[in-house]
Amino acid sequence: MTLQHSTERASSLSHSAADERFATSSGRRDFWRATLSCWLGTAMEYADFALYGLAAGIIFGDVFFPQATPAMALLSSFATWSVGFIARPIGAVLFGWIGDRKGRKVVMVITIILMGASTTLIGLIPSYATIGVWAPACLVLLRFTQGLGAGAELSGGTVMLGEYAPVERRGLVSSVIALGSNSGTLLAALVWLAVVQMDQESLLAWGWRIPFLSSVLIALAALWIRRHLRETPVFERRKQELEAERALAAGGQPVVDDRGFWSRTRAFWTMVGLRIGENGPSYLAQGFMVGYVAKVLMVDKSVPTTAVFIASVLGFAVIPLAGWLSDRFGRRITYRGFCLLLMFYAWPAFSLLDSREPMIVIPVIIVGMALASLGIYGVQAAWGVEMFGVRHRYTKMAVAKEFGSILSGGTAPLLAAAMLSWSGHWWPVAVYFTVMAAIGFFTTFVAPETRGRDLNLPEDAI
């Protein structure tokens with residue numbers, strides 16, 4: 001580390017708004033309240049995601065599309081699922097803009113209400129047999145509003161935690177967002193595992209509604225905490241700057257701001273590249289590989305399910321470890337290491353999966369999830385917050401993440417399945433996996449090291 005960089009980092013530490021507040025007892029209470037709130041909100045988002053995905057594959061065809069053929073019913077169920085992905089970037093733009101101008105807290109309250117109400121109401125929709133085509137219409141509408149909230153929830157929680165965290169522990173604290181996603185996935189899997197034990201008639205009649213209705217408990221807990229949440233220390237300092245700018249404008253003095261949303265785009269596209277390197281391999285590791293093992297290799301479905309469960313449990317250790325490593329050694333080198341491992345993972349992974357041996361298949365899936373879905377995601381949280389200046393941080397990061405997700409994770413399982421069908425072999429999928437990991441790897445060479453950066457700086461890191 002150079003003397004200049006050491007001086008700059010020491011300066012940012014001494015003037016950090018988060019460290020100043022954390023030094024007080026009330027500030028520490030605010031910090032823990034914010035951490036719990038963000039964890040619950042992200043857990044709910046990913047629980048909703050997993051609940052809907054499982055219901056779409058198991059239940060919704062019979063409940064909402066009973067007159068369609070099984071294949072068309074499944075397709076229709078997942079078509080409504082995709083509506084949420086269409087809504088996510090819209091939510092990112094809308095609520096990101098509000099969050100950058102009105103504050104992080106107000107958006108976090110709105111998103112938890114949107115997501116909680118939408119998920120709960122899905123559990124109350126009458127079946128097709130009761131209200132006809134209005135049933136799937138209601139499902140589409142609620143899935144859209146659910147996606148609007150989700151598009152801002154993940155980035156909003158990441159920004160809030162990053163702006164609350166003491167500088168030297170920003171990576172570790174920000175990784176709580178990834179812990180929330182892991183918690184939500186694990187919770188949804190456990191709830192569905194219990195519900196599907198019911199007899200088929202009860203499951204179709206009312207049992208499937210239980211997971212959706214029970215999500216209201218998480219939503220209410222998160223809402224209660226967020227209503228009493230204090231604005232982030234970084235945005236409070238930013239709010240003072242906004243008030244000063246408005247006072248100047250009211251006095252007839254023009255305020256020149258040449259830092260519009262698109263005035264600096266290098267950080268935005270860098271974040272998109274980093275997101276592709278994480279999100280694409282993640283969806284392949286925890287989505288496509290599970291389906292490949294169960295449906296193509298015809299391995300007992302309990303084997304990949306067990307692997308996902310074990311990986312989710314291990315995630316509570318892997319995620320904070322990754323965040324800590326990024327605090328200790330830097331965001332760039334830690335992220336680069338995960339991407340490099342992923343580039344070399346796919347080829348031996350698919351070869352080993354072909355063995356069909358449960359004692360081999362389970363560790364292979366666990367390693368893939370640990371690298372792509374857990375570890376690298378734990379590093380990305382703090383790096384994304386530090387990449388952008390305070391003026392447009394929420395909007396830019398949210399839009400970049402959603403755009404990167406559409407280019408990679410949102411389409412990865414579908415493209416991988418098409419490649420497998422076309423070639424009859426897994427090698428094109430391994431190439432695809434490696435290419436996406438390589439995009440993330442090479443992006444780290446143009447991305448700046450941001451560890452310790454002052455989050456109140458108005459300009460992007462690059």
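The values are calculated or read from the model by the stated rules, or taken from the named source; none is laboratory data. Nothing here was measured: the structure is a model prediction, and the numbers come from that model. Neighbour counts run over all protein chains shown; Cβ positions are idealised from the backbone, glycine included.
May I ask you to list the residues in region 213-244 that are β-branched (V, I, T) and in a helix (DSSP H, G or I)?
Matches in region 213-244: V216, I218, I225, V234.
Name every residue in region 163-175 that is out of contact with any Gly (no Cβ under 8 Å at 6 or more places or on another chain) and surrounded by 24 or more Cβ atoms within 10 Å (Cβ to Cβ), in order of residue number.
The answer is E163, Y164, A165.
For region 297-305, state whether one or more residues are touching a Leu at 6+ places or on another chain (Cβ under 8 Å) and either within 24 Å of A43 (Cα to Cα) or among the charged types (D, E, K, R) (or both).
no
Considering (1) in a loop (DSSP other than H, G, I, E, B); (2) within 25 Å of the chain's Cα centre (by Cα), say which one N182 fails and leave the rest.
(1)
Could you please find all residues in region 194-212 being over 12 Å from A55 (Cα atoms) and part of a helix (DSSP H, G or I)?
A194, Q200, E201, S202, A205, W206
Tell me the residue from A73, A117 that is farther than 30 Å from L242 by Cα and modelled with pLDDT of 85 or more, please.
The conditions single out A117.
Is it the case, given these coordinates, that T42 is at pLDDT 90 or above, closer than 30 Å to F316 by Cα and among the polar types (S, T, N, Q)?
no
Of all the helices (runs of 4 or more DSSP H) wholly in region 364-462, which have at least 1 residues that are without any contact (Cβ under 8 Å) to a residue 24 or more places away in the chain?
412-423, 427-443
Regarding region 441-452, can at least one residue be identified that is modelled with pLDDT of 90 or more, buried (at least 18 other Cβ atoms within 10 Å of the Cβ) and either aromatic (F, W, Y) or within 19 Å of the chain's Cα centre (by Cα) (or both)?
Scanning region 441-452, I find at least one residue that is modelled with pLDDT of 90 or more, buried (at least 18 other Cβ atoms within 10 Å of the Cβ) and either aromatic (F, W, Y) or within 19 Å of the chain's Cα centre (by Cα) (or both), so the answer is yes.
Is there a residue being surrounded by 20 or more Cβ atoms within 10 Å (Cβ to Cβ) and of a type in the set (A, V, I, L, M, F, W, C) anywhere in region 417-425?
No, the conditions are met nowhere in region 417-425.
Tell me which of these I406 doesn't satisfy, since it passes every other one: (1) modelled with pLDDT under 90; (2) crowded, with 19+ Cβ neighbours inside 10 Å; (3) within 19 Å of E153 (Cα to Cα).
Result: I406 fails condition (2) only.
Scan region 305-350 residue by residue and report those that are β-branched (V, I, T) and either within 19 Å of the chain's Cα centre (by Cα) or under 17 Å from Q380 (Cβ atoms) (or both).
V308, V313, V318, I319, I333, T334
List every residue pair whose Cβ atoms sit under 6 Å apart, with the two residues 6 or more apart in sequence or on different chains, where the first one lies in region 6-28 and is farther than 15 Å from G162 by Cα and the second, anywhere, is at pLDDT 85 or above and not in a helix (DSSP H, G or I).
Qualifying pairs under 6 Å: R9/G452.
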